[in-house]
1. Can you tell me, using C-alpha contacts under 8 Å and at least 6 residues apart, the relative contact order of the stretch 2-242 as a whole percent?
2. Based on Cα coordinates alone, diagonalise the gyration tensor for the stretch 132-178, multiply each eigenvalue by 5, take square roots, and list the semi-axes in whole Å, largest first.
3. Rank T225, T174, T192 by mean-square fluctuation in a GNM of the chain with C-alpha springs under 10 angstrom and give only the top-ranked residue.
4. Take A10 and T211, extend 7 Å from each Cα along the Cα→Cβ direction, and tell me the distance between the two endpoints in nm.
5. Return the distance in nm (one decimal) between the two label points of a simple spin-label model at V203 and A226, each offset 7 Å from Cα along Cα→Cβ.
6. Take the Cβ-Cβ distance between H233 and T192 as r, set R0 to 25 Å, and report the resulting FRET efficiency rounded to the nearest 0.05.
7. Can you list residues whose amide H is under 5 Å from A189's amide H, if they're 5+ apart or on another chain and H is modeled 1.01 Å from N?
8. Kyte-Doolittle cut-off 1.6, length cut-off 24 Å along the helix's own axis using Cα: show which whole DSSP H helices in the chain pass.
Amino acid sequence: MLALVGGVLAYIAVLEVMLATDNPNFFPSLLLIGSVTVPSAALLFASGGRRGPIAPVGALVLVAIVGGVVGTLTAGVLEYDTLRGLSFLPMLAVGLIEEGAKLIVPAALLLLYRPARGWAGVAVGVASATGFATLETMGYGFVSLLASRGDLAAVDATLLLRGLLSPACHIAWTGVTAAMLWRWRNGVAPFTHLLGAYLAAVVLHAVWDATASVTLHLGVAVVSTAALLWFIHAARRAGSLTAPAA
């Protein structure tokens, strides 16, 4: 909560100073703060536990940075190649590409090192999606600035919309899928559960992108957020039960 409140206050302060001084040098700061505040607050919430973080903080920061860069670059290249080859890019293809791209770093982490904390997958997935959502929102904010010919109101609306919705979209979908990836890797769940979680994320992603219906968006947000909260609760409970007594 402190991170969220602090980020909002910092965003307002930078925006007011930029408008008062008419200094465009503050725009990168505004873009960064507006893009990272809500996703980072969601990451802090997802990684918190009754007995401390459910995953090492340093590892989560690394996953957020590397996962964001690798995910956005991979998705950008694959979507460009698909668009060039097919002359169109169906929403389902976007979901398949982006949901897969966000799992590259979590999957690599499992291949290189099998974490002892089998319940920490949800936090790792949220971290990867945090980096992805932050970089993607920064890109959309910059495009809004160019398209509106410097209209800060358009940029502010883009940052606000994408920032507030990120926990119910990228963060929720990858958090749940990575949690199932961890469970499958540790023998807790069969591969069909992992595949089902990934396909569900793809479908929710495609529905979100393909429609402008507020009702459908609200339905996807509720389902996605509820699933993410369930896995976070399960991870915290598992961590509490397996942690040694004080």
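We did not get these values from a lab; they are worked out from the coordinates using the rules stated. If you're wondering where the values come from, they're calculated on a predicted model, not measured in any experiment. Heads up, the Cβs are rebuilt from the backbone with ideal geometry, glycines too, and the neighbour counts pull from every protein chain shown.
1. After rounding, I find 25 percent.
2. That gives 25, 10, 5 Å for the three semi-axes.
3. Comparing T225, T174, T192 in the GNM, the peak value goes to T192.
4. 3.6 nm
5. The answer from the label model is 1.5 nm.
6. 0.60
7. Hits under the 5 Å cutoff: W184.
8. 2-21, 27-47
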